[in-house]
Amino acid sequence: MNGWTAAGTALLLCGFAPAACGVATGRASRRVPAQNVATTLLSLVFLLLAQGFARPAYVDTALVLSVLGPAGTLLFVRLLADQLADHPPGERRLRALTVGNYVAVAAVVLPLSAAAGPGRAMVKLLIIGVLLALGSWVATRAVHAAAAMGHGRGAPAEGMSGDR
Amino acid sequence: MTGELPVLLGLLLVAAAGTGAVLVRDPVRQSFVLSLLGLSLAALFLLLQAPDVALSQLAVGSALTPLMVLLSVRKVRRKARSERREERE
């Protein structure tokens, strides 16, 4: 087991596992942001493991997860909009989670791209990093929008009415 | 032994997520735990050096399963609500 694999395992244990606990417990306002954090951290774990196993092909799983993770979060936000509007998540905590995501992405992707050296692999890693940061930003915006809909109540969440 | 630590951790995660998915009774909450189970399974597959299986598991587990569950819940609830309204009328 080399340093990269050890780092990946540590991130799985100290990052993904607590986020998973957040996903499994509490209200939707806690679960949805935690789900976003969990996918971001798992993607970073995949990147570290790919480097640790010296298999550049494993980076593809992280790339797929960096696209599908935010998609899953948006799906939860869309389908649980009324629950999020009833109990909106704390503004400050949401911002702290997003900043934490950015810091984690930078802390993992930058050393990895330094280790990869200039070339195609480095560009791919940087693209994955940007996708992860963008996904985190988009998911936070979506949660904000769903929560804001609850503040200006009146009409129920869109899609929940109108066709009957 | 230290070489097997990541695989052991992946197995533990899958066991915990699987048990959680069985124990949670509310379908909406279950959809979260199911997506978690998908993610843990993908991590385990990657640790066992099967990235192609991990890819398909990611596609199914992280987005498709929760979508199916949540859509069915919404459909059932809407139907129940409209039936209740019809009874009242």
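Since every read-out is calculated from the coordinates, none of them should be taken as a lab result. Quick caveat: nothing in here was measured; it's all calculated off a predicted structure. A quick note on method: Cβ atoms are made from the backbone with ideal geometry, for glycine too, and the neighbour counts reach across all protein chains shown.
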- Query: Tell me, what is the FRET efficiency for B:S72 and A:A114 to the nearest 0.05, using R0 = 41 angstrom and their Cβ-Cβ distance as r?
  - Reply: 0.30
- Task: Would you mind getting me the FRET efficiency between B:L11 and A:C21? Use the beta-carbon distance for r and R0 = 22 Å, nearest 0.05.
- Result: 0.80
- For the Cα atoms of chain B, what angle does the longest principal axis make with the long axis of helix B:5-23, in degrees from 0 to 90, nearest 10? 20 degrees
- Item | Helical segments meeting 24 Å axial Cα length and Kyte-Doolittle 1.0 threshold in chain A (DSSP H) | A:59-79, A:120-151
- Item | Test item: A:58-69 mean partner chain Cβ contacts at 10 Å | 5
- Task: Would you mind computing, in nm to one decimal, how far apart the modelled labels at B:E83 and A:D82 are, each placed 7 Å from Cα along Cα→Cβ?
- Result: 1.7 nm
- Query: Between the range B:9-73 and the range A:86-131, what's the alpha-carbon centroid distance in Å?
  - Reply: 23 Å
- Tell me, in nm to one decimal, what length is gained between A:Y102 and A:V123 on full extension, where the rule is 0.36 nm per residue of separation less the Cα-Cα distance? 5.7 nm
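At 222 nm, what value in deg cm²/dmol follows for chain A if DSSP H runs of at least 4 each add -39500 (n - 2.57) and the sum is divided by all its residues, to the nearest 500?
Working: 7 runs with 127 residues, N = 164.
Value at 222 nm, helices only: -26500 deg cm²/dmol.
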- In nm, to one decimal, how far is the modelled label at A:A71 from the one at A:R95, with both set 7 Å along Cα→Cβ? 3.2 nm
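Given axes a ≥ b ≥ c from the Cα gyration tensor, I'd like to know whether the protein assembly as shown is rounded (a/c under 1.5), prolate (a/b larger than b/c) or oblate.
Numbers: a/c = 2.38, a/b = 1.77, b/c = 1.34.
Prolate shape, in that a/c is at least 1.5 and a/b is the bigger ratio.
State whether the range B:2-88 is rounded, prolate or oblate according to the following rule on the C-alpha gyration tensor (a ≥ b ≥ c being the square roots of its eigenvalues): a/c under 1.5 gives rounded; otherwise a/b larger than b/c gives prolate, and the remaining case gives oblate.
Working: a/c = 7.32, a/b = 2.59, b/c = 2.83.
Oblate, because a/c is 1.5 or more while a/b does not exceed b/c.
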